[in-house]
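Worksheet for the structure shown next.
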Ligand SMILES: NC(=O)c1ccc[n+]([C@@H]2O[C@H](COP(=O)([O-])OP(=O)(O)OC[C@H]3O[C@@H](n4cnc5c(N)ncnc54)[C@H](OP(=O)(O)O)[C@@H]3O)[C@@H](O)[C@H]2O)c1
């Protein structure tokens, strides 16, 4: 049997890099996508260096799926993302727009380009990497939270639409994970808070659960689900707690 195939975005570091490693170890053929070509080359898998916010990025990735994965796609992991911390009064609409462009718009554009091949390869799956910030917002993270809330909502809808086509759509919501873009040094520098910071490999495992594993959604680490539940049941309480920390 030929190897199962995957596209992983944001593959040059952190969660994406760990996901490529996990998939490769499990025998998948992975097309890695990010901007830094040197980092992608070091992974030892097929890759395409692309800025996902560029107009032609989805077409270029689609062409690479044809040329490097033989036109078959069993899994799309929409993981690339970033956050620019700023209060709305400082970062304004420009920060929200720039964050949405990568964390939300580019996910939709790439998915649109690859959905026909995912359908043709069914049963297949898509995993969208949102965040606990896609359920519970905090100050100076409004742009990021907006992009991740949007991604979570769109994922639920796409799941319902694509179920009949054999394309499973899962959601992963990581909590604090120490990576290049999200070093979490404010938490790792103190023993009292270090324990709440997780590792990219744990998120990679959750991505497999939510994709080929067929799970609807994985909050990782699982304990963060308590915060999400509390936000749903007692929003005023969570707001007062967050305001106290701010
Ligand atoms: N770490 C956390 O605490 C945490 C928590 C919740 C959710 N998440 C989410 O997890 C995902 C992965 O983040 P991470 O923590 O692994 O951070 P990371 O190490 O900074 O990885 C981000 C990845 O996205 C790529 N990327 C950034 N801008 C891009 C662009 N314009 N076009 C293509 N690729 C781009 C980066 O590669 P290049 O720079 O080479 O392009 C990198 O590979 C993100 O969606 C993030 O929001 C992270």
### Query
Only one of (1) more than 26 Å from residue 178 (Cα to Cα); (2) assigned to a loop (DSSP other than H, G, I, E, B); (3) at pLDDT 95 or above; (4) more than 10 Å from the ligand (Cβ to nearest atom) is not met by residue 63, so which one is it?
(2)
### Task
Looking only at the range 121-131, decide whether some residue is away from the ligand (no atom under 16 Å from the Cβ) and surrounded by fewer than 20 Cβ atoms within 10 Å (Cβ to Cβ).
yes
## Note on the structure
Residue hits (the range 22-67; more than 18 Å from residue 110 (Cα to Cα) and surrounded by fewer than 19 Cβ atoms within 10 Å (Cβ to Cβ)) are 24, 25, 26, 27, 29, 36, 37, 38, 39, 41, 42, 44
#### Entry: Pairs where the first residue, in the range 126-145, is more than 21 Å from residue 211 (Cβ to Cβ) and touching a residue at least 60 places away in the same chain (Cβ under 8 Å) and the second is within 8 Å of the ligand (Cβ to nearest atom) and part of a loop (DSSP other than H, G, I, E, B), C-beta under 8 Å, 6+ apart
143/83; 144/83; 144/131
### Message
For a quick check of your reading of the model, give me the residue pairs whose first member lies in the range 161-185 and is closer than 25 Å to residue 120 by Cβ, whose second is within 8 Å of the ligand (Cβ to nearest atom), with beta-carbon atoms closer than 8 Å and at least 6 apart or on different chains.
### Response
171/130; 172/129; 172/130; 172/203
### Query
From the set of residues in the range 68-84 that are surrounded by fewer than 23 Cβ atoms within 10 Å (Cβ to Cβ), more than 8 Å from the ligand (Cβ to nearest atom) and under 20 Å from the mean Cα position of the chain (by Cα), which is nearest to residue 14 (Cα to Cα)?
84
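The values are calculated or read from the model by the stated rules, or taken from the named source; none is laboratory data. Remember, it's a predicted structure, so these values are computed and weren't measured experimentally. Backbone-built Cβ (ideal geometry, glycine too); neighbour counts: all protein chains shown.
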